[in-house]
Structure formats: structure tokens, C-alpha cells
Amino acid sequence: MSHDEFTPVPDEDDGWVSKTQLKQQADALHDVGKTLVGLSAAALKTIPMNEDLADAVALAQRINKKKDGYRRQLQLIGKLLRQTDAEPIEHALSLLNAKQRQSNQAFHAIEVARDELIQQGDDAIQALLHQYPELDRQRLRQLVRQAKKQAEQNKPPKASREIFQYLKTVMPSAS
């Protein structure tokens, strides 16, 4: 008899997982745990967690990140995640990330619109008014003039910030 007759060959159907795959899964859940610890209290409320996991995350947030206890707490969080179904948690985190990306894109779109207004003046105002008719042309022109004047005089960009805030009230939300 050869050695191969006694060594079971893993089939893909029997759910066998290699040590490497187990380690990769554990590392991925450890990263999920780190992400959870980094979230704000409001964001954590949107994540479906059991009480033990929520308590462990809250404790990790209070521990000094430079201490060894923090590392051990993250390991505990990873262990708790391995013992539960982490898929709903990962799904909720991906939704939070998508929402954050969407918010960032809206924020950048408002920044670009403001910069175009300041650089291009009336042409950009007209284009923006065509897209958002509820904007006040006179107020925009006044703010753009003030922003240009402040930039020329190397003053703080107060009018530029006002343009941003005004655009934020009308353009798709960046909040």
C-alpha cells in the first residue's frame, strides 16, 4: 500500500478549508473588527451586532491604541466575529462605505461648481442657473465678485465658503 491510500483527498464539496484559508478569513474578520472600532457611535447603531460584540467594540474604543490591551481586545472582537454570522455586519459596513463615497462625491461636485463659478464668472453662473433654477442669480454674482476680490487681496476666502454653503443648500446633499 502506498501512502496516498490512507490520506484523504479533500473534495471541493465536503466544505474542507485549508489552514491558509482559515487564516485569511480570520484576518479579514480582524479587519472588520478594526473597522467597527473606528466607527462613530451613530454609525455603530446602524450595524447589526449582538450585545457581546457591541460591548467589546465599545471597550476597544476606550482603550489606548498604543497599549497591548487594545491588541488583545481586537483579537477578542475577531473571535466574537468568527463565532457569529459576520455577513450582515460586512453588508452594513459596505452600505456605510457606499454612503460615505456618495457623500464625498457630492461634496466634491459642490467644490468644483464653486471653483468654476469663481473662475468663469457669469458663464458658469448661467450654466448653474440652467441646472438649478432655484438659485438666486444676484446673490451668486455678488458672492463671486466678493470671492474674486478677496482672492486678489490675499484675504481669507469668506465669500468662497459662503458660495459653498449656498450651493450646498440647493445641490444634491453632501451630508
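The values are calculated or read from the model by the stated rules, or taken from the named source; none is laboratory data. Keep in mind that this is a model prediction, so the values were computed, not measured. Don't worry about glycine lacking a Cβ; one is built from the backbone with ideal geometry, like all the others, and counts go over all protein chains shown.
Some notes on this structure:
- Within region 69-92, residues that are of a type in the set (Ser, Thr, Tyr) reach partners that are in a helix (DSSP H, G or I) with beta carbons closer than 9 Å, at six or more positions or on different chains, in the pairs Tyr70/Val37; Tyr70/Ala60; Thr84/Asp52; Thr84/Leu53.
This table checks each residue for (1) aromatic (Phe, Trp, Tyr); (2) within 16 Å of Thr35 (Cβ to Cβ); (3) touching a helix residue (DSSP H, G or I) at 6+ places or on another chain (Cβ under 6 Å); (4) assigned by TED's automatic domain parsing to the domain that holds Leu44.
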residue: Gln61; (1), (2), (3), (4): no, yes, yes, yes
residue: Lys66; (1), (2), (3), (4): no, no, no, yes
residue: Gln75; (1), (2), (3), (4): no, yes, no, yes
residue: Ser94; (1), (2), (3), (4): no, yes, no, no
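- Residue match in region 111-119 (condition: of a type in the set (Val, Ile, Thr), over 21 Å from Leu36 (Cβ atoms) and loosely packed, with under 14 Cβ neighbours inside 10 Å): yes
- Considering region 32-55, the residues that are in a helix (DSSP H, G or I), under 23 Å from the mean Cα position of the chain (by Cα) and of a type outside the set (A, V, I, L, M) include one that is farthest from Asn97 (Cα to Cα), namely Asp55.
- Among the numbered conditions (1) buried (at least 16 other Cβ atoms within 10 Å of the Cβ); (2) among the aliphatic types (A, V, I, L, M); (3) assigned to a helix (DSSP H, G or I), the only one that Ala58 does not meet is (1).
- Counting only helices (runs of 4 or more DSSP H) that sit completely within region 67-175, those holding 3 or more residues that are under 30 Å from Pro48 (Cα atoms) and modelled with pLDDT of 85 or more correspond to 68-83, 87-120.
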